[in-house]
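Asker: This is the structure I want to talk about, given as structure tokens.
The values are calculated or read from the model by the stated rules, or taken from the named source; none is laboratory data. Nothing here was measured: the structure is a model prediction, and the numbers come from that model. Glycine also receives a Cβ, built like all others from the backbone with ideal geometry; neighbour counts cover every protein chain displayed. Quick note on the areas: whole protein, heavy atoms, side chains included, nothing else; ligands and nucleic acids left out. Shrake-Rupley method; radii C 1.70, N 1.55, O 1.52, S 1.80 Å.
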Amino acid sequence: MKVASVSEIRQIEASADRSLLSYAQMMRNAGAEASAFLRGRASISEASRLLFLIGKGNNGGDGLVMALELARAAPCQISLYLLAPRDADDPHFEAAAQAGFAIFTATEDESFRALERLLGEADILVDALFGIGMRLPLREDAAALMRRAAIALRSRASRFASDQSSGGPPFVLALDCPSGVDCDAGQAAPEAIAADATITFIAAKLGFYLFPAAAYLGELVLTTIGIPANFSPLHSLASEVLDGSLARALLPARPMNSHKGTFGKAMIVAGSANYIGAASLAGEAACRSGAGLVTVATIQGLVDSVAAHLREATWLPLPEDAGGIGQAASDALLASLPGYRALLIGCGLGTRPGTSLFLRRLLASDQLPPLILDADALNLLSKTPKWHESLPADAIITPHIGEMARLTGLSSQAINAERWDLARRCAKAWNVVLLLKGAHTLIAAPDGRTSVIPIATDALATAGTGDVLAGLLAGLRAQGMAAYDCARLGAFIHARAGQIASDAVGSSRSVIAGDVLASLGAAFRSIEAD
């Protein structure tokens, strides 16, 4: 699934209209494919009552075509509620009137009484008020209609919660996007209509993976409305959703005649007196990634306390300075690095002056293996002007929002407001693969390629899960994966493991990093089975 801005979608549509299929045909395809999806998703009979909210633009036209297709394919009771009168020469509206649909218009519905009655009876609500071109704030006529619809839907849900014989709220299907959602910025009007499912056309939209808009989508389904995946303007989009099938294609091969050298060696530089668990979590995650050998480089005190727990790793004790890795450790580490195919630095390092000097001296070397920088390595770097100039090519950095704020000097609010553009710009400016963590993690490469992880779970919002991700990335990188593919596959596996851990524990509230770590095997298995 490709991801596009509104302007990119408009360009694809215009190009398709010139050379492939007309706007009118695209609208017919959108309505027909939405009809087919709904028939497969919901049980529709002659007694089913469907209400279509119809806007003034093309999204409303999609809704009219869908209603006509449904009436032909699955006889049912269809009502249309129009935000405003459609043009008299609109062929789809004329056909809808001739089909005998019950038609209502907001401008003629005093106090929205008809709307409330229709919403009180509907089994299915199709939201075709606004498409991807909508911008906030809503006009007052639209806001008033949607406000009243939201009140009616909540009232029906409340009645059902207290009396299940009253009939539950309708199944809500949004065409292209839920009305009230800004498909670029990811903002949502207070009156936005939350969908149970959204069938979107041509490509997913940037705003679908930003909050609060993401909370309104429900199940997201893509239809290309007749535009083939290899159509150049669509195929050339640089952003995509990483799904299970693509993740499976990225998995490193596991030949039967392999040995530990086949799958590479990863070095994990992690831990300090204050953050003992980080070295263990990152080290075990690297082991469970499929890497052939993992070495954890840390201070002697941590080796003594953690090595018995993590039996599979080898250990490299490093000189200590005030409970952290000291600056003299760079020489010992550099001497041990030949033969390693990945180097992770940062988990639980702390930000002591000696550790900062260690990191600077280490990054001054031109003999480093492929590099992953996480957590305190990023915090230390952020204190140095032009910090990115010290990184080797193809480095992966993994900031969360707070770390990204320190690296860029921007506020968290500013980062969230331009998440997609900022990730792309920074990946290019810094010449790194940027893994921007959060709900719907983004991965951006210096050449403009961007992937989004279509999983958001609060199970990962707990200390230590970032260490698990970083160790996983180091292990995958050691197996010879390219930096961008490593980052996006690792982020997908990590998110899937969070979901699995939540199911296993029984509640996302109770998930800890060790549960995510323990779920990595099941996450790999689920991807291999996709």
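Asker: Where the accessible area of the range 143-287 is counted over protein heavy atoms with a 1.4 Å probe, how much of it, in %, is carbon and sulfur?
Answerer: Roughly 55 percent, rounded to a whole number.
Asker: Return the distance in nm (one decimal) between the two label points of a simple spin-label model at Asn431 and Glu528, each offset 7 Å from Cα along Cα→Cβ.
Answerer: 3.9 nm
Asker: Apply the Karplus curve 6.51 cos²θ - 1.76 cosθ + 1.60, θ = phi - 60°, to the phi angles in the range 235-250 and return the couplings in whole Hz, x for Gly and Pro.
Answerer: With coefficients 6.51, -1.76 and 1.60, one gets 4, 7, 4, 7, 10, 8, 8, 8, 9, x, 5, 5, 4, 4, 5, 7 Hz.
Asker: Expected output is a single nm value to one decimal: the length gained when fully extending between Thr262 and Ala364, i.e. 0.36 nm times separation in residues minus the C-alpha distance. What is it?
Answerer: That pair, Thr262 and Ala364, stretches by 33.8 nm at full extension.
Asker: In addition: What is the magnitude of the charge dipole of the range 83-219 about its Cα centre, with +1 placed on the Cβ of each Lys and Arg, -1 on the Cβ of each Asp and Glu, and no other charges, expressed in debye to the nearest 20?
Answerer: Using Cβ point charges on Lys, Arg, Asp and Glu, the range 83-219 gives about 460 debye.
Asker: Just for the chain, what percent of DSSP beta bridges are antiparallel, to the closest 5?
Answerer: Details: 12 of 65 bridges.
Percent antiparallel among DSSP bridges in the chain is about 20.
Asker: Roughly how tilted is helix 140-162, in degrees to the nearest 10 and between 0 and 90, from the longest Cα axis of the chain?
Answerer: Between the helix axis and the principal axis of the chain, the angle is about 80 degrees.
Asker: Continuing with this model, one more query. Using packing as a proxy for protection, rank 463-471, 255-263, 517-525 so that the peptide with the highest average count of other Cβ atoms within 10 Å comes first.
Answerer: Most protected by this proxy first, the peptides run 463-471, 517-525, 255-263.
Asker: If I stretch the segment between Thr351 and Ser22 completely, what's the gain in nm (0.36 nm per residue apart, minus their alpha carbon distance), one decimal?
Answerer: On the way: separation 329, 0.36 × 329 = 118.44 nm, distance 5.98 nm.
Taking 0.36 nm per residue and subtracting the Cα distance, the gain is 112.5 nm.
Asker: Which semi-axis lengths, in whole Å and largest first, follow from the square roots of five times the eigenvalues of the Cα gyration tensor of the range 138-218?
Answerer: Square roots of five times the eigenvalues give 24, 15, 10 Å.
Asker: Evaluate E = 1/(1 + (r/R0)^6) for Asp331 and Ala14, where r is the Cβ-Cβ distance and R0 equals 51 Å; express this FRET efficiency to the nearest 0.05.
Answerer: 0.25
Asker: Rounded to the nearest 500, what is the 222 nm mean residue ellipticity of the chain from helices alone, with -39500 (n - 2.57) per DSSP H run of 4+ residues and division by all residues?
Answerer: One gets -13000 deg cm²/dmol as the mean residue ellipticity at 222 nm.
Asker: Assign one of three labels to the range 425-527, namely rounded, prolate or oblate, based on the Cα gyration tensor with a ≥ b ≥ c the square roots of its eigenvalues; rounded applies when a/c is under 1.5, prolate when it is not and a/b is larger than b/c, and oblate otherwise.
Answerer: On the way: a/c = 2.27, a/b = 1.74, b/c = 1.31.
Verdict is prolate for the range 425-527.
Asker: While we're looking at this one, here's another question. Ranked highest first by average number of other Cβ atoms within 10 Å, how do 372-384, 45-57 line up?
Answerer: 372-384, 45-57
Asker: Grab the other residues whose beta carbon is less than 9 angstrom from that of Leu344, score K and R as +1, D and E as -1, and report the net.
Answerer: Summing Lys and Arg as +1 and Asp and Glu as -1 gives 0.
Asker: Moving on to the next point. Quick one: Karplus J couplings for the range 39-46, per residue in order, coefficients 6.51, -1.76, 1.60, θ = phi - 60°, nearest Hz, x for Gly and Pro?
Answerer: Once θ is set to phi - 60°, the couplings for the range 39-46 become 5, x, 9, 10, 7, 10, 10, 4 Hz.
Asker: Take the solvent-accessible surface of the protein heavy atoms, probe 1.4 Å, and return the percent of it on the range 323-375 that carbon and sulfur atoms account for.
Answerer: Carbon plus sulfur share of accessible area: 53 percent.
Asker: Out of residues 5 or more away from Ala297 or on other chains, whose amide H comes under 5 Å of its own, with H placed 1.01 Å from N in the peptide plane?
Answerer: Under 5 Å from the amide H of Ala297: Ile268, Val269, Ala270, Leu316.
Asker: Assuming R0 = 35 Å, can you tell me the calculated FRET efficiency for the pair Ala504 and Ser162, based on Cβ-Cβ distance, to the nearest 0.05?
Answerer: Values: r = 33 Å, r/R0 = 0.94.
In this case the efficiency is close to 0.60.
Asker: When only C-alpha pairs under 8 Å and at least 6 residues apart count, what is the relative contact order of the chain, in percent?
Answerer: Dividing the mean separation by the residue count of the chain yields 12 percent.
Asker: Under the 0.36 nm per residue contour assumption, what length would be gained going from the current alpha-carbon distance of Arg72 and Ala322 to full extension?
Answerer: 82.3 nm
Asker: Something else about it: With a cap of 16 neighbouring Cβ atoms within 10 Å, and only residues DSSP puts in a loop, list the trypsin sites (Lys or Arg not before Pro) found in the range 106-182.
Answerer: Arg135, Arg139
Asker: Which whole-Hz ³J(HN,Hα) couplings does the range 508-523 yield from phi under the Karplus relation 6.51 cos²θ - 1.76 cosθ + 1.60, θ = phi - 60°, glycine and proline marked x?
Answerer: Working through the residues one at a time gives 4, 4, 9, 6, 10, 4, x, 5, 5, 4, 5, 9, 4, x, 5, 5 Hz.
Asker: Also, I was wondering about something else. Can you tell me the convex hull volume per residue for the range 201-252, based on C-alpha atoms, in Å³ to the nearest whole number?
Answerer: Hull volume over Cα atoms, normalised by residue count, gives 113 Å³.
Asker: Mind sorting out which of (i) 83, 54, 49; (ii) 72, 61, 42; (iii) 97, 76, 65 is the real Cα extents along the principal axes in Å computed from the coordinates?
Answerer: Working out Cα extents along the principal axes in Å from the coordinates points to (i).
Asker: Grab the other residues whose beta carbon is less than 11 angstrom from that of Met26, score K and R as +1, D and E as -1, and report the net.
Answerer: It works out to a net charge of -3.
Asker: Further question on the same structure: Using a cut-off of 10 Å between beta-carbons, work out the net charge of the residues near Ser526 (Lys and Arg +1, Asp and Glu -1, Ser526 not included). Numbers along the way, then the final one.
Answerer: Numbers: positive: Arg248, Arg496, Arg525; negative: Glu528, Asp530.
Summing Lys and Arg as +1 and Asp and Glu as -1 gives +1.
Asker: With a 1.4 Å probe and every protein chain kept in, tell me what percent of the accessible surface of the range 12-68 is carbon plus sulfur. Let's see the in-between values first.
Answerer: Numbers: 1040 of 2300 Å².
Of all accessible area on the range 12-68, carbon and sulfur atoms account for 45 percent.
Asker: While we're looking at this one, here's another question. Computed FRET efficiency, Cβ-Cβ of Asp90 and Lys386, R0 56 Å: what is it to the nearest 0.05?
Answerer: 0.45
Asker: With everything on Cα atoms, drop me the angle between helix 58-73 and the longest principal axis of the chain, reported from 0 to 90° to the nearest 10.
Answerer: 70 degrees
Asker: Here's something else I'd like to know. Of the peptides 416-425, 88-97, how do they stack up when ordered by the mean number of other Cβ atoms within 10 Å, highest first?
Answerer: 416-425, 88-97
Asker: With a 1.4 Å probe and all protein chains left in place, how much accessible area per residue does the chain have, in Å²?
Answerer: Details: 21320 Å² over 530 residues.
Per residue, the chain has an accessible area of 40 Å².
Asker: For the pairs Lys260/Lys437; Lys205/Lys383; Lys265/Lys383; Lys2/Lys260; Lys205/Lys437; Lys260/Lys428, note any where the Cα-Cα span goes beyond 29 Å.
Answerer: Lys260/Lys437; Lys205/Lys383; Lys265/Lys383; Lys2/Lys260; Lys260/Lys428
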